[in-house]
Amino acid sequence: MTHAENDRNKALDAAAEERRRARFGALPERVRPEEMVEERPAVAPDPARNAYNDDEWLVRYVV
């Protein structure tokens, strides 16, 4: 390898190092655990679901 080629490779390595530092030089901002969780119901609330009356059978069958 000649001296000129060695200088050229060093310049390319330096440019590559500068690009790496520009892209990966700083860590991203910290994400808190609270920000990683989203809470929402698995299904939409169904109003008919809780319409059952436990005592309704008394009115229908015991009268």
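Readers should treat all values here as calculations from the given coordinates under stated rules, not as data from a laboratory. Since the structure is predicted, the reported quantities are computational estimates derived from the model, not experimental observations. A quick note on method: Cβ atoms are made from the backbone with ideal geometry, for glycine too, and the neighbour counts reach across all protein chains shown.
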Towards the positive end of the charge dipole of the chain, with charges on Cβ (+1 Lys, Arg; -1 Asp, Glu), say which of Pro45, Thr2, Leu58 has the farthest Cα.
Thr2
Against the longest alpha carbon principal axis of the chain, how many degrees, from 0 to 90 and to the nearest 10, is the axis of helix 3-24 turned?
20 degrees
Quick one: what do you get for the chain if you divide its Cα Rg by 2.2 N^0.38 Å?
3.25
Would you compute, from DSSP H runs of 4+ residues alone, the mean residue ellipticity of the chain at 222 nm, taking -39500 (n - 2.57) per run and dividing by the full residue count, rounded to the nearest 500?
-14500 deg cm²/dmol
Cα centre as origin, Lys/Arg/Asp/Glu Cβ charges: the chain dipole, Debye
440 debye
